[in-house]
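Structure, as structure tokens:
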Amino acid sequence: MSAVAKSERKPISTGSEWTFELVEAYDREIGAIAEEYGLDTYANQIEIIRSEQMLDAYASVGMPIGYNHWSFGKHFVEAEQNYQRGYMGLAYEIVINSDPCIAYLMEENTMTMQALVIAHACYGHNSFFKGNYLFRTWTDATSIIDYLVFAKQYISRCEERHGVQAVEEVLDSCHALMNYGVDRYKRPYPISAEEERRLQREREEYIQRNLNDLWRTLPKAREIDEASEERFPAEPQENLLYFIEKNAPLLEPWQREIVRIVRKLAQYFYPQRQTQVMNEGWASFWHYTLLNTLYDRGLVTDGFMMEFLTSHTGVLTQLPFDHPAYNGINPYALGFAIYNDLRRMCENPTEEDKQWFPDIAGGNWLEVLHVAMRDFKDESFVLQFLSPQVMRDMKLFGVVDNDKEDTYLISAIHDDGGYREVRDLLSSQYNMGDKEPNIQVVSVDLRGDRSLTLQHNQFSRKPMGASTEEVLKHVYRLWKFPVHLQSQWEGEVKQTFSVPQPVSE
Amino acid sequence: MSYLIDRRENAKNKNMVNRRRFMERYKKHIKRAVEKAVDDRSITDMERGEEVTIPAGDVSEPVFHHGNGGERTVVHPGNREFVAGDRVPRPQGGQGGGAGEGEASDQGEGEDDFVFQLTSDEFMEVLFEDLELPNMSKRHLKGTSSFKYEHAGYSADGTPAKLSVQRTMRASKMRHIALNSRRKRERQALQDALLAAQHAGDEVTLRRIGKALEELEKGIKKVAFLDDTDLRYNLHVQKPVPTSQAVMFCLMDVSGSMDQAIKDMAKRFYLLLYLFLKRHYERTEIVFIRHHTVAKEVDEQEFFYSKETGGTVVSSALKLMQEVMDDRYSPDEWNIYGAQASDGDNWNDDSPICSKILTESILPQVQYFAYVEITKRNHQALWEEYTKLEAAHPEVFAQQHIRSVGDIFPVFRQLFAKRSAA
């Protein structure tokens, strides 16, 4: 069964208890193997914490330092309740995209679990953070901790000066728009706390000056004609928070700075939302590969492998759609299946693989996998690498739910006629544009009531949901003049929302 | 490259501020739940935490999301019998069911209410928020003297059990350095000379130096590893700990007119009072006195549940209270609280006597005396008397009227409301 005869095995440990020496020993061995496989990582900072601290980390979305806000308290209470009642186990690990890469290990874990977590987080996720183009483009791992400290200090200073209530209101509103605080295509400057501090004052002055220009209430007479033709903004803007930060007429400078902080954090988390399948798949593939290599070299026992495989299978199970606990496609399972299949295609290509993936079949699997990690996000990753084999294994099928028809249509299944369509459908499922309503700032009534108009371009006729008006109230709180949202389908306005609601005569 | 850090001893309550803010924001809901709990709960489990339910709409953090409708396509795993082009009936009843629902319901609509547990501390805090004990001046009276051992540095003598190994070894090391440093220096010099002599092959000098070295080594070894003077012991001193203590007198009328319902209300009132005192004093004792025409000190069980009949002489209870106070609870050592509950019935001639006992011997000695009248009828002579008393001693005496269970908590809050003037 194993490459090493029983007598030659020299396991690092045999019991289930961990010690600091053992954790270090495992980390050394796993790290050495990771290097052989060419995984390029940031330095690791492994922190051992208690379960209560894990709950804390949960509530603050894994940020090691967070500003204070009631919503984190809510998440904390929620997690605590679920944990105490046994509805939820704690994740074995949390890992933070920073340099050094911080990974939390829970004290309660057995030695096997710690080794699994080290392989998964410290070498899997870590190399993904360092290698994937989205993370490279959008986040700056070296400065995030400093920036979080800056944000926390800035916000608590605002609380001292302007009161907790006032700060909380701004944060509430910003959080509601957090998903619309990202530049989807432009590359932002990397954030640096030092720079932020230096620039912050400068920015206050600059914005105020520019604003005054924009909102000059007494235009010179000859300018009026041109101005009335002018459209503002000239192009629709997708980054709502950015637009508000720069253009909201009545925000105080500190309020703009808070908008900016939330926007920067949204930007930092944006890549994570777009690469869940890849990131988890990659980390799972590597914990599986690294620990199996440990076993092949006789460094761990059979018992270790049994325990590891039990939790490995637990995490990577994909329930079928008709299972009562089914909750969509498991990103761990899908990602792992695709990476695993890429390796298989390189090592044991079939005729089908050669036809579908001529560049990959029979190639160097390490190179192929690294490319598949580096240059994609979930959407393009699925489109590029989801093979017929994986579709068959997972028995994927597409369902169309059209509200104009009484029944669901099974549009494609895992057969020759359906592979391409299933793949396209699944890919678009990971497109952020399809997931969230596409909303942009289209106009501001500069010379009139200063109202702000947002436009929603419907995707597949999907209308806006029930909380739209609540969110608009938050936009109104920041903009402080009337806010309208028009939901359009094929150029025709289907729904209109306004805050404050127009008084009916 | 990895660093391993043990963070287990770090503060674990990073989210305390956030949790507090969350509670602050939903105070309204929490207060309502606590007040309801006070009315609903059986008397024995007042001290537990409480579950608070907040409607989902109030705690949600809204974001833009898609509503139902339009055309949505979803990929699912685990196909068994479908082929392309199949039509399946739409599952009825909307949320959560089967294929096709997937994305639509994962945010926004159909959320459950937000339910969470208050800890018993938080529960009590909300329960007694804005309340205070009047006349706390004596609060820090020294009670039965208790002592606490405190660390007070190190001493040169003590019992072996208190030996401080670290300090002892440090002292030993110091002694070694002090006594041997000259010899060690000389030894070094001799060793250097020895090497030189070996080099030069000077036998005589070698022998001489060897002898001197031997002497030195002997001297160094003579310095004992541990000496009596090295020993250090942890020193602990006894410190008296002032304890604040209170006694609460519960006086209740158990004559025929007091039915079980009234007694239950009285008990709820006493319980609140007890919990409240317990929060302020390290030690709280209770004396139960029940009375009809004669008064008797009883235990809790008898106080609340035994049945009695007959007329009512309130002064008998007050007299007994005074006796017990004189006997066991000197006002120099105890903070004394009195709470009396009755349905207002009293022997008409007795009420002025009550007033007299209170004024002369009880009120000067207690921190606070509260009277609650639990009745739906009109007030009688006792209430009238007490009204005068309240006017004369507003600082230590108060009375309130309870008609139904719902009044208990508000009345309690009134009796102990913070007095801004005081």
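Every number in this text was worked out from the coordinates using simple rules, so none of it is lab data. Computed from a prediction, not measured in an experiment: that's the story for all the values here. Here the Cβ positions follow ideal geometry from the backbone for every residue, glycine too, while neighbour counts run over all protein chains shown.
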Give me B:Lys211, A:Lys435 ranked fewest to most by other Cβ atoms within 10 Å of their Cβ, as a rough exposure proxy.
B:Lys211, A:Lys435
The helix A:276-296 Cα axis meets the longest alpha-carbon principal axis of chain A at an angle in degrees, between 0 and 90 and rounded to 10, of 20
Which shape class, rounded, prolate or oblate, goes with chain B when its Cα gyration tensor gives a ≥ b ≥ c as root eigenvalues, a/c under 1.5 marks rounded, and past that a/b bigger than b/c marks prolate?
oblate
Counting only residues 5 or more places away or on other chains, whose amide H sits under 5 Å from the amide H of B:His236 once H atoms are built in the peptide plane?
B:Ala152
Cα centroid distance between segment A:320-371 and segment A:67-85, in Å?
37
In whole Å, what is the distance between the alpha-carbon centres of segment A:255-304 and segment B:213-237?
58
Sequence order, segment B:162-170: Karplus ³J(HN,Hα) from phi using 6.51 cos²θ - 1.76 cosθ + 1.60, θ = phi - 60°, Hz rounded, Gly and Pro as x, gives 9, 4, 9, 4, 4, 5, 4, 5, 5
Of the listed links B:Lys36/B:Lys307; A:Lys435/B:Lys14; A:Lys354/A:Lys435; B:Lys28/B:Lys388; A:Lys152/B:Lys36, those spanning more than 31 angstrom between alpha carbons are A:Lys435/B:Lys14; A:Lys354/A:Lys435; B:Lys28/B:Lys388; A:Lys152/B:Lys36
Have a look at B:Val294, B:Val223, B:Val59 and tell me which one the Gaussian network model of chain B (Cα, springs below 10 Å) gives the largest fluctuation.
B:Val223
Looking only at B:Gly406, B:Gly338, B:Gly85, which one moves most when chain B is put into a Gaussian network model with springs between Cα atoms under 10 Å?
B:Gly85
Per q in 0.10 Å⁻¹, report the Debye log10 I(q)/I(0) for segment A:391-505, using one uniform scatterer on each alpha carbon and no solvent.
-0.46
Explain nothing, just compute: Karplus ³J(HN,Hα) = 6.51 cos²θ - 1.76 cosθ + 1.60, θ = phi - 60°, for every residue of segment B:267-284 in order, whole Hz, x for Gly and Pro.
5, 4, 5, 4, 5, 4, 4, 5, 4, 5, 5, 4, 6, 9, 10, 5, 10, 10
Likely footprinting exposure, A:Ile12, A:Ile244, fewest C-beta neighbours within 10 Å first:
A:Ile12, A:Ile244
Compactness of chain A, expressed as Rg and Dmax over alpha-carbon positions, Å:
26.0, 95
Do you know the relative contact order of segment A:314-464, to the nearest whole percent, from alpha carbon pairs under 8 angstrom that are 6+ apart?
14
Proximal charge balance of B:Trp383 [Cβ under 14 Å; K/R count +1, D/E count -1]
-4
Ignoring everything except DSSP H segments at least 4 long, calculate the 222 nm mean residue ellipticity for the protein assembly as shown; use -39,500 (n - 2.57) per segment, divide by total residues, nearest 500.
-14500 deg cm²/dmol
By how many degrees, between 0 and 90 and to the nearest 10, does the Cα long axis of helix B:405-415 differ from the longest principal axis of chain B?
60
Give me the number: length gained by fully extending B:Asp326 to B:Met1, i.e. 0.36 nm times residue separation minus the C-alpha to C-alpha distance, one decimal in nm.
109.4 nm
Can you give the Rg to Rh ratio of the protein assembly as shown, both from alpha-carbon atoms, with Rh computed by the Kirkwood formula?
1.09
Under a Gaussian network model of chain B whose springs join Cα atoms within less than 10 Å, the largest fluctuation of B:Leu195, B:Leu363, B:Leu179 belongs to B:Leu195
Normalising by the residue count of chain B, find the relative contact order in percent from Cα pairs under 8 Å and 6+ residues apart.
15
Tensor-based shape of segment B:297-342 (alpha-carbon gyration tensor, a/c under 1.5 rounded, otherwise prolate or oblate):
prolate
For B:Lys31, the aspartates and glutamates lying under 15 Å Cα to Cα, once residues fewer than eight places off in the same chain are dropped, come out as B:Asp39, B:Asp40, B:Glu50, B:Glu51, B:Asp121, B:Glu122, B:Glu125, B:Glu129, B:Asp130
For chain A, what relative contact order do you get, as a whole percent, if you take Cα pairs closer than 8 Å and at least 6 residues apart?
15
For A:Gln488, which sequence-distant residues (separation of 5 or more, or a different chain) have an amide H within less than 5 Å of its own amide H, given hydrogens modelled in the peptide plane?
A:His456, A:Asn457, A:Gln458, A:Lys494
What shape does segment B:301-422 have by the C-alpha gyration tensor, where a ≥ b ≥ c are the square roots of the eigenvalues, rounded means a/c under 1.5, and otherwise prolate means a/b greater than b/c and oblate the rest?
rounded
Give a quick list of trypsin sites (Lys or Arg not before Pro) in segment B:277-374 that DSSP marks as loop, anything other than H, G, I, E or B, with at most 14 other Cβ atoms within 10 Å.
B:Lys307
Skipping prolines and chain starts, which residues have an amide H placed within reach, meaning under 5 Å, of the one on A:Leu386, given they are 5 or more residues away or on another chain?
none
Isotropic mean projected area of the C-alpha convex hull, segment B:160-236 (nm²):
5.8
Helix A:419-429 versus the longest principal axis of chain A: what is the Cα-based angle in degrees, 0 to 90, to the nearest 10?
50
